[in-house]
Amino acid sequence: MIEIASVCGSCKGLTKTLTTIYEIYEKEIKKENPKNIYLYHNYLNNNKVLKELNDIGIKVVNDIRDVSYDDIVILSPYGSSREVYEYLDNNNIEYYDSTCSNIDKIRATIQEKIDLGYEIVIIGDYNYFETKEINEYFNNEIVFIKSDSDFLKLSDNKNKYIMSGQNVSKSLFTDLTKKLKTLYDNYNLDINNSYCLSLNRNYDSSEALAKKSDLMIIVDDDQELFNRVSARTETYVFKNIRDLIKFVSIKDIDDSTKIGITGSIWTPVKEIYNYKYLLEYLLFYKKIVKELEKNQDKVNNELLKDNDNEIIQGIVKDFIDLNKDGKYIRGVLIALGSYMSNSKMNKDYLDLAYAYEMFQTSVLIHDDIIDNAKIRRGKETIPRRICHNYLNVISDKEYQEKTLKLANSIGICTGDLGFYEANNIIVNKYKNHKNLSAILKVFNDIVIKTIKGEMLDVYLPFKGKYFAYNTSEEEVLNIYNLKTSYYTLIGPVTLGYLLNNKEIPQDLVNVLNRIGVSFQIKDDLLGIFGNKNELGKSNISDIEEFKQTILYSHIINTPYKQEFLKLYGSKNLEEKDILKVQDLLKTSGSYNYALNRLDELSFECFNDISELEIDDKVQDILKGLLIFINIREK
């Protein structure tokens with residue numbers, strides 16, 4: 001069970017600021033001559049968010065005189081001094097005030113008390129963002145008290161308006177106001193403890209959640225928050241959401257573990273929820289993979305039963321070896337489809353998942369022959385194993401040609417064997433299932449669509465390289481739909497639905513299609529910009545194969561096309577050549593274009609998933625899958 005602290009994440013002011021920034025950016029970027037956008041004062045206190053802003057050209061400015069008429073200024077959530085407003089107004093500079101509504105109320109109340117002749121006293125530290133800006137707004141006339149020794153700062157004014165500052169504990173506020181009442185019993189003390197106590201409310205709700213949780217996750221570093229929460233339960237701090245993937249894989253937790261999530265007031269609420277979504281997916285994934293791994297060897301070894309021939313035994317063992325250590329994503333999605341359509345987990349999905357994983361391994365074997373790949377899943381490909389055993393045994397040219405032919409021939413046969421063994425599993429294990437015919441039909445449709453996608457994936461690079469054909473983005477997306485969306489997302493989830501004799505809803509199919517396109521865009525980015533040690537395969541194969549991707553369809557319509565084509569599709573590339581290709585894709589804007597398409601699709605999917613008529617937990621798992629796709633590194 002996963003629960004988020006009742007009060008956590010960015011205060012309303014920070015949320016308002018970020019919303020304002022992105023709204024203005026979206027409007028401005030569409031203009032022919034967009035203005036520079038500046039955030040006045042760095043009060044976000046979140047390096048990830050600041051980096052995101054910096055990446056899209058939004059800078060922080062600390063001196064308002066550094067901005068001019070041609071700029072746009074977003075004022076901080078904690079308010080600004082009167083001089084700042086005057087400077088902006090006097091110089092006709094476009095600005096947007098994202099001051100928190102609580103700060104507006106506080107300023108109005110203080111002004112009202114000042115007009116009535118009160119001395120303003122804040123119990124707390126001057127250096128906190130909110131109190132510092134409020135003090136500057138009122139010309140630094142507020143008195144700050146942190147201990148009774150600060151009482152000497154108070155004037156003889158008998159009317160005092162006393163407020164709690166940010167991050168002031170209730171006990172300290174109560175203790176100091178009690179002493180003030182004793183010392184100034186003949187004064188008019190108006191005491192108000194309702195000032196924005198976002199930090200305290202955050203700490204209190206996080207501690208309460210920690211008391212009933214097996215472990216707590218804190219998003220971003222807040223030492224005080226960590227101290228309070230870790231005193232209650234086992235606690236972990238995350239600064240990068242990618243670290244959650246490894247954490248779940250090695251930590252002894254499952255979906256029965258009571259996990260609490262919180263964050264500092266500088267952590268966007270959206271980011272905290274993203275941790276929850278990803279965690280829901282990872283725990284579901286971990287649970288299903290654990291079930292699949294239990295009998296994987298048994299299923300694999302069934303392939304050896306009717307193969308007494310020593311040669312066939314050896315080839316089948318190679319297939320079995322390659323059929324292990326996969327990521328099981330598609331098998332997990334069959335389980336998810338079954339869960340979606342039944343609202344509970346049973347194990348009917350297992351054999352279908354094994355069959356699908358076997359089908360996937362077969363597809364990859366054929367893919368490796370087409371691409372002349374050497375590594376798959378961190379291991380030698382089937383053709384490469386034949387070459388490794390025989391190619392250099394005899395130096396004769398004809399022998400070597402025959403060995404290469406043998407390697408590819410055995411690869412084709414091995415892939416074909418896997419296809420039909422997968423079919424056998426379905427027929428034998430579901431022979432009494434009332435939906436067997438529908439299951440086989442969808443399974444075969446998946447195979448057909450995957451093959452069609454592969455045909456385009458092979459044919460278009462040939463046309464592009466030798467006949468100067470410019471593959472359009474629409475054609476690239478057609479490959480994605482056939483070869484990825486249906487094969488990776490729609491097909492497996494549909495099979496899961498069929499296990500429960502249910503028909504998959506069309507709105508879910510539409511969402512899965514977009515998730516599939518997101519998956520492939522991410523794959524294409526990793527194919528050129530990924531770390532080969534993480535990927536488990538070469539990171540130059542897409543370049544050498546003249547792969548038709550969204551990166552390619554974009555750059556060939558830019559002035560960088562000719563320079564790009566000098567390297568793209570070449571063999572035996574050196575490191576400097578790969579770096580040049582990467583640089584051209586970034587300089588041309590193709591890299592950012594692909595990233596933006598990925599972000600757009602993710603945004604659309606998030607909204608559409610929320611509209612699906614499925615269980616909330618399943619919605620969270622789907623959102624977590626989407627996040628996983630975006631952040632994965634292999």
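Please treat every number below as a calculation from the coordinates, not as lab data. This one's a predicted model, so the numbers in the text were calculated from it and none came from an experiment. Cβ: placed from backbone, ideal geometry, glycine included. Neighbour counts: every protein chain shown.
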Could the peptides 145-158, 50-63 be put in order, highest first, of the mean number of other beta-carbon atoms found within 10 Å of their residues? 50-63, 145-158
The residues R330, R632, sorted from fewest to most surrounding Cβ atoms within 10 Å, come out as R632, R330
Potential lengthening between D214 and K402 on full extension [0.36 nm per residue; Cα-Cα distance subtracted]: 61.5 nm
Quick check for me: using +1 on Lys/Arg Cβ and -1 on Asp/Glu Cβ, what's the dipole size of the stretch 10-98 about its Cα centre, in debye to the nearest 20? 360 debye
Across the chain, what fraction of all alpha-carbon pairs, as a whole percent, falls in each successive 20 Å bin from zero upward? 16, 40, 29, 12, 3, 0
Going toward the positive end of the dipole of the chain, with +1 on Lys and Arg Cβ and -1 on Asp and Glu Cβ, which of L39, L244, N309 do you reach last? N309
If each of D63 and N36 carries a label point 7 Å out from its Cα toward its Cβ, how far apart are those two points in nm? 1.3 nm
How much length would be gained if the chain were fully extended between K561 and R82, taking 0.36 nm per residue of separation minus their Cα-Cα distance, in nm to one decimal? 167.2 nm
Log10 I(q)/I(0) at q = 0.12 Å⁻¹ for the stretch 103-195, from Debye over equal alpha-carbon scatterers, is -0.32
Estimate the FRET efficiency between E23 and T109 by the formula 1/(1 + (r/R0)^6), using the beta-carbon distance for r and 25 Å for R0, to the nearest 0.05. 0.30
List, in the order given, every pair from K374/K571; K31/K522; K347/K431 whose Cα-Cα distance in the structure shown is over 19 Å. K31/K522
How high is the relative contact order of the stretch 277-631? Use alpha-carbon pairs under 8 Å, at least six apart in sequence, and give a whole percent. 22 percent
Ignoring everything except DSSP H segments at least 4 long, calculate the 222 nm mean residue ellipticity for the chain; use -39,500 (n - 2.57) per segment, divide by total residues, nearest 500. -19000 deg cm²/dmol
Summing +1 for each Lys or Arg and -1 for each Asp or Glu, what net charge is found among the other residues whose Cβ lies under 10 Å from the Cβ of E3? +3
Projected label distance in nm at E310 and E136, using a 7 Å step from Cα toward the beta-carbon: 8.4 nm
Give, to the nearest whole percent, the P(r) tail of the stretch 154-282 beyond 27 angstrom, counting all Cα pairs. 36 percent
With a ≥ b ≥ c the root eigenvalues of the C-alpha gyration tensor of the stretch 277-631, is it rounded (a/c under 1.5), prolate (a/b larger than b/c) or oblate? oblate
How much net charge surrounds Q582 when only other residues with a Cβ under 12 Å from its Cβ are counted (Lys, Arg +1; Asp, Glu -1)? -1
Output the antiparallel fraction of DSSP beta bridges having both residues in the chain, as a percent to the nearest 5. 5 percent
Listing S588, S570, S338 by rising number of other beta-carbon atoms within 10 angstrom, fewest first, gives S570, S588, S338
P(r) of the stretch 10-98 over all Cα-Cα pairs, 10 Å bins starting at 0, rounded to whole percent, reads 16, 55, 27, 2
Taking H placed 1.01 Å from N in the peptide plane, check which residues at least 5 places from I4 or on another chain put their amide H under 5 Å from its amide H. I261
Whichever aspartates and glutamates have a C-alpha closer than 12 Å to that of K239, once near sequence neighbours (fewer than 8 apart) are set aside: D220, D221, D222, E271
For the stretch 437-493, run through the chymotrypsin sites (Phe, Trp or Tyr not before Pro) and keep only the ones in DSSP coil with at most 10 other Cβ atoms within 10 Å of their Cβ. F467
Among I123, N54, Y487, whose Cα sits farthest toward the positive end of the charge dipole of the chain (+1 at Cβ of Lys/Arg, -1 at Cβ of Asp/Glu, about the Cα centre)? Y487
What full-extension length gain, to one decimal in nm, is calculated for E293 and N432 as 0.36 nm per residue of separation minus the Cα-Cα distance? 47.5 nm
Would you mind putting 219-228, 350-359, 397-406, 616-625 in packing order, based on average other-beta-carbon counts within 10 Å, highest first? 350-359, 616-625, 219-228, 397-406
Take the alpha carbon atoms of the stretch 322-336, find their center, do the same for the stretch 383-412, and report the distance between the two centers in whole angstrom. 31 Å
Exposure-ranked with fewest Cβ neighbours within 10 Å first, D325, D115, D368 stand as D115, D325, D368
Relative contact order in percent for the chain (Cα pairs under 8 Å, 6+ apart) equals 12 percent
Net charge near G117 (other residues with Cβ under 15 Å of its Cβ; Lys, Arg +1; Asp, Glu -1) is -3
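In debye to the nearest 20, how big a dipole does the chain give about its Cα centre with +1 on each Lys and Arg Cβ and -1 on each Asp and Glu Cβ?
1400 debye
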Counting only residues 5 or more places away or on other chains, whose amide H sits under 5 Å from the amide H of N36 once H atoms are built in the peptide plane? I72
List the trypsin sites (Lys or Arg not before Pro) within the stretch 556-609 that fall in a DSSP loop (any state other than H, G, I, E or B) and whose Cβ has at most 15 other Cβ atoms within 10 Å. K566, K571
How high is the relative contact order of the stretch 200-276, in percent, with contacts defined as C-alpha pairs under 8 Å that are six or more residues apart? 39 percent
Nearest-20 debye value, the stretch 277-631 charge dipole, Cβ charges on Lys, Arg, Asp, Glu: 420 debye
